[in-house]
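One structure below.
The values are calculated or read from the model by the stated rules, or taken from the named source; none is laboratory data. If you're wondering where the values come from, they're calculated on a predicted model, not measured in any experiment. Glycine gets a Cβ as well: all are built from the backbone with ideal geometry, and neighbour counts include every protein chain shown. Accessible surface is based on the protein model in full, side chains and every heavy atom, while ligands, DNA and RNA are left aside. Shrake-Rupley method; radii C 1.70, N 1.55, O 1.52, S 1.80 Å.
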Amino acid sequence: MQLEAKNIGFRYGEGPWLFRGVNIMIESGEIVGLIGPSGSGKTTLCRILSGYEAPLEGSVTLDGSAISKTAYHPVQLVFQHPEKAVNPRWKMWKVLHEGWKPDQSLLDSLGIEEEWFTRFPRELSGGELQRFCVARALGPKTKFLIADEMTTMLDAITQAQIWQAVLEKFKHSDVGTLVVSHDAALVARLCHRVIDLRYLSK
Ligand code: ADP
Ligand code: MG
């Protein structure tokens, strides 16, 4: 499968163009890095790639077709702030089982503990909550994972554990990944190739 952004451009309102003429292609199984300075539009680009925002110019397609908004989205976005990604009134079992029930092996590799399931999001640390968000994004219908500063807020050990779990899972599936980070060392370590938003935009 291919996730392709063709000639996309975006700006907020009448503001300056954040990027224009950007082309990105990610293949199944590929781990691609995206770097760029703060404010360069990385998060905006992630939202466009995962269907939360429409590009003002160009298109995003999955194997050449526009992505349907109705089904479980094959392009899953995990971003920096897990507390903004979950319903604060839902206990974790509901947050997680919203779409599907993950394998115990995935929960184990992400270090998710049984007793966390009966807690509310505010009763978990940022790292614990982010593990749930990662698990939720790795459903059987996920074809691409867009990781926007997914582990930036976490300590080095948690960061390493989460990425190890994700990479282990992807060894057995064919999910493509975009790793967005300002941490060049992390991106260099994880990715097959790296693109720099500064040089992508015309
Ligand atoms: P990055 O993730 O690379 O730091 P963002 O995509 O978050 O960049 O933001 C790019 C620029 O767009 C920033 O200058 C930011 O202030 C601006 N921006 C982001 N979201 C909005 C919004 N909803 N309305 C107006 N401007 C925005
Ligand atoms: Mg960002």
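Some observations on this one:
- DSSP-loop trypsin sites (Lys or Arg not before Pro) across the range 67-137, with at most 13 other Cβ within 10 angstrom: 69, 89
- Using a probe of 1.4 Å on the protein chains alone, the accessible area found for residue 196 is around 30 Å².
- From phi via Karplus (6.51, -1.76, 1.60), per-residue ³J(HN,Hα) for the range 190-199 in Hz, x at Gly/Pro: 8, 9, 6, 8, 10, 10, 10, 4, 4, 9
- Accessible area in square angstrom per residue, the chain, 1.4 angstrom probe: 50 Å²
- For the range 2-199, with +1 on Lys and Arg beta carbons and -1 on Asp and Glu, the positive-most of 199, 124, 7 along the dipole: 7
- Helix-only [θ]222 nm of the chain, DSSP H runs n ≥ 4, -39500 (n - 2.57) each, per residue, nearest 500: -8000 deg cm²/dmol
- Both radii were evaluated on the Cα set of the chain; the Rg over Rh quotient, with Rh as the Kirkwood radius, amounts to 0.96.
- Computed FRET value (nearest 0.05) for residue 103 with residue 157, which takes r as the C-beta separation and R₀ as 22 Å: 0.40
- Of all the options 98, 57, 27, the one that moves most in a Gaussian network model of the chain with Cα springs shorter than 10 angstrom is 98.
- Whole-percent carbon and sulfur share, accessible surface of the chain, 1.4 Å: 52 percent
- Spread over its residues, the convex hull of the C-alpha atoms of the range 148-189 is 69 Å³ per residue.
- Charge dipole of the chain about the Cα centre (unit charges at C-beta), most positive-ward option of 92, 37, 160: 37
- Counting only Cβ charges, +1 for Lys and Arg and -1 for Asp and Glu, the dipole size of the chain around its Cα centre is about 460 debye.
- Taking every C-alpha pair closer than 8 Å and separated by at least 6 residues, the mean separation divided by the residue count of the chain gives a relative contact order of 33 percent.
- Based on every Cα atom in the range 108-164, Rg and the maximum pairwise Cα distance Dmax equal 11.5, 31 Å.
- Spatially proximal aspartates and glutamates relative to residue 141 (Cα-Cα < 19 Å; intrachain offsets below 8 disregarded): 4, 27, 30, 63, 98, 103, 168, 174
- Greater than 20 Å apart at Cα, pairs in 101/143; 101/169; 42/169; 84/171: 42/169; 84/171
- Kirkwood estimate for the range 53-125, i.e. one over the average of 1/r between Cα atoms, Å: 14.9 Å
- Estimated FRET transfer efficiency (residue 1, residue 167; beta-carbon r; R0 22 Å; 0.05): 0.75
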